[in-house]
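First up is the structure itself, then whatever we jot down about it.
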Amino acid sequence: MLDVAAIRRDFPILARQVRGRRLVYLDNAATTQKPRQVIEALVRVYEQHNANPHRGVHTLATETTDLYEAARAHVARFINARRAEEVVFTENATAAINLVAHSWGRATLKPRDEVVLTHMEHHANLVPWQITAAETGAVLRFIPLLPDGTLDMDAARRLIGPATRIVAVTAMSNVLGTINDLRPLIDLAHEFGAVVLVDGAQSVPHIATDVQALHCDFLAFSAHKMLGPTGVGVLYGRYELLDRMGPFLAGGSMILKVEWERSRYNEVPWRFEAGTPNYADAIAFDAALDYLEALGMDAVREHEVQLTAYALGRLAEVDGMRIFGPPDATRRGGVISFYYGDIHPHDVGTVLDYAGVAVRAGHHCAQPLMQLLDVPATVRASFYVYNGRDDVDALTDALTETAKVFGYAARTRAG
Ligand code: PLP
C-alpha cells in the first residue's frame with residue numbers, strides 16, 4: 001500500500017490552501033502535481049549542466065547530452081522497449097500521435113484504406129486522423145461502445161479486416177475510465193497486417209506498461225500526467241517501423257548531411273527531434289520515473305483500484321448522481337465522470353472550487369463522446385498517488401453543499 005501522508009510531504013503545492021481550504025487536487029487526468037524531487041532535478045539542470053545537447057564538445061554540452069540520453073534510456077526501461085532508440089521525445093502525447101499520423105500515415109495510407117478508431121478517443125487521437133484521412137482518401141471507422149462504457153468487441157471483429165491499415169486506440173478512456181483489453185484488438189489487427197497505435201496518455205502513468213508483452217507498434221504518452229514536467233511527450237515505436245518513416249518536422253539535428261538541394265536524414269530517434277529539444281524537462285522527467293519506480297507501479301495501480309472503488313461507492317450514495325463508465329473498479333482507472341442532478345458541470349466545478357476541491361468540468365476533449373452520452377459536459381474527478389479517502393470524502397461533502405447552493409434536493413444517504 002502507498003503511504004499517502006508521506007507522499008503528500010513530497011509535493012510542495014499540496015501544502016497550499018485554496019480559498020482558505022486544504023487543496024484537494026482531483027484533476028490528475030488533466031495534469032499531475034510535481035514532487036520536490038522533479039522540481040529539484042529541473043533546477044539542477046539549469047544551475048549545473050545547461051547547454052544545447054548533441055551540438056557542442058564542451059563539458060556542459062557533453063553532460064547535458066548524456067543526461068538527455070540517459071532519460072531516454074530510462075523511458076525505454078520503464079515501458080520495456082527493446083532499445084532506447086525506440087523512444088522519441090516529443091512535446092506531448094498529442095505531438096506523438098500527430099507524428100505517426102503525419103509521417104507513417106501520409107506515406108502509407110491510400111484511398112479507401114481504413115483507419116480504425118473507437119468512440120472513446122480523445123480529440124488528440126481523432127483529429128490528426130481526420131486530417132490525414134482527408135489528405136490521403138483513407139476512411140475512418142469507429143468501434144462503438146457497449147452501454148457499460150466498454151468497447152463492443154463483436155463490432156471490432158466485424159470492423160477490423162483486410163482494408164484496415166492502422167488501429168489507433170486509447171488504453172484508458174479519459175472520460176469513462178474504461179481500461180481497454182488491448183491484446184485481442186492488437187492480435188486481430190496484426191492478423192490483417194495492420195499496425196496498432198496505443199494512446200497511453202491515461203494508462204502509462206497508472207498501470208505498469210510493457211510494450212513487448214502488449215505487442216503494440218506505437219505508444220504515445222505525456223510526462224506531465226505522470227509527475228513529470230510539462231512540454232515532454234513520448235512516442236514509442238517499433239524500431240523497424242520508425243526506421244522506415246520519414247521525418248515530421250525538419251531542421252537542425254534531424255539530418256546527417258545537408259546539401260543545397262537535398263538532405264540525408266539522421267538515424268532514429270533523432271530523425272524525429274528537429275531543433276533544440278526540451279532537454280531540461282526530459283532530464284527532470286527521469287526523476288519522475290525514479291519516483292514512480294520507488295513507489296512501484298503495481299502499488300500505484302492497487303492504490304487507485306481501492307480508492308476508485310471507495311469513490312464509486314461514496315458517489316453512488318449521492319442522490320441525483322449519474323456516473324459514467326464501468327461500475328467495476330478493477331476494469332477502470334482512477335477517473336470518474338459524472339453528471340449531478342440538473343446542475344451544469346461548470347457550476348458544480350465552480351462550487352467545488354470554493355471547498356478547495358479541484359475537478360475538471362467540461363467535454364474533456366471528447367465532444368463526440370459527450371453527444372453519445374447525451375450530456376453537454378461532465379464533472380470529472382481523477383486520482384493519483386497523493387490522493388486518499390479524505391479527498392473523496394471532501395468531494396462528496398462539497399457535492400452536498402453544491403446541491404444546497406442550487407436548491408437541488410440531493411443529499412447523501414450516508415449523512
Ligand atoms: N489522450 C488522452 C486519452 C488524454 O487524456 C490526453 C490528455 O488529456 C491526451 C491524449 C493528450 O495529452 P496531451 O494534452 O498531454 O498531449
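Values quoted throughout were computed directly from the atomic coordinates according to the rules given, and no laboratory measurement underlies them. If you're wondering where the values come from, they're calculated on a predicted model, not measured in any experiment. Backbone-built Cβ (ideal geometry, glycine too); neighbour counts: all protein chains shown.
A cut-off of 5 Å between modelled amide H atoms, ignoring neighbours fewer than 5 places along the same chain, links residue 27 with 382.
The ranking of 225, 404, 34, 257 from fewest to most other beta carbons within 10 Å of each one's beta carbon is 257, 404, 34, 225.
Report the local net charge at residue 295: Lys and Arg +1, Asp and Glu -1, summed over other residues whose C-beta lies under 15 Å from its C-beta. Result for the neighbourhood of residue 295: -2. Our helix-only sum for the chain, with -39,500 (n - 2.57) per DSSP H run of n ≥ 4 divided by its residues, gives a mean residue ellipticity at 222 nm of -11000 deg cm²/dmol.
Only Lys, Arg, Asp and Glu carry charge here, each on its Cβ (+1 for the first two, -1 for the last two); on that basis the stretch 30-174 has a dipole of about 260 debye about its Cα centre. Contact order for the stretch 9-102, expressed relative to its length and based on alpha carbon pairs under 8 Å spaced 6+ residues apart, stands at 13 percent. Between residue 290 and residue 215, the modelled label-to-label distance comes to 3.7 nm, taking each label 7 Å out from Cα in the direction of the beta carbon. What's the angle, to the nearest 10 degrees (0 to 90), between helix 297-316's Cα axis and the longest principal axis of the chain? Rounded to the nearest ten degrees, it is 30. Close amide H contacts of residue 357 (hydrogens built in the peptide plane, cut-off under 5 Å, sequence separation of 5 or more or a different chain): 24. Applying 0.36 nm per residue to the separation of residue 350 and residue 310 and subtracting their alpha-carbon distance, the gain on full extension is 12.0 nm. The magnitude of the dipole of the chain, with charges of +1 and -1 set on the Cβ of Lys/Arg and Asp/Glu and taken from the Cα centre, is near 360 debye. When the inverse distances between all different Cα atoms of the stretch 263-391 are averaged and flipped, the Kirkwood radius reads 17.6 angstrom.
Pairs of alpha-carbon atoms within less than 8 angstrom and 6+ residues apart define the contacts here; what relative contact order does the chain have, in percent? List each step's numbers first, then the result.
On the way: 852 pairs, mean separation 90.8, N = 415.
With pairs under 8 Å counted, the relative contact order is 22 percent.
The share of alpha-carbon pairs in the chain lying farther apart than 39 Å comes to 21%. By the beta-carbon count within 10 Å of each Cβ, the least crowded to most crowded order of 343, 143, fewest first, is 343, 143. Counting charges near residue 217 (Lys, Arg +1; Asp, Glu -1) among other residues having Cβ under 11 Å from its Cβ returns a value of -1.
The order of 226, 254, going from fewest to most other C-beta atoms within 10 Å of their C-beta, is 254, 226. Considering only C-alpha atoms, what is the centroid distance from the stretch 282-297 to the stretch 329-403, in Å? Answer, in whole Å: 28.
For the stretch 14-63, trypsin sites (Lys or Arg not before Pro) meeting the loop criterion (DSSP other than H, G, I, E, B) and having at most 13 other Cβ atoms within 10 Å: 16, 19, 55.
Treating r as the C-beta distance of residue 400 and residue 142 and R0 as 30 Å, the FRET efficiency rounds to 0.20.
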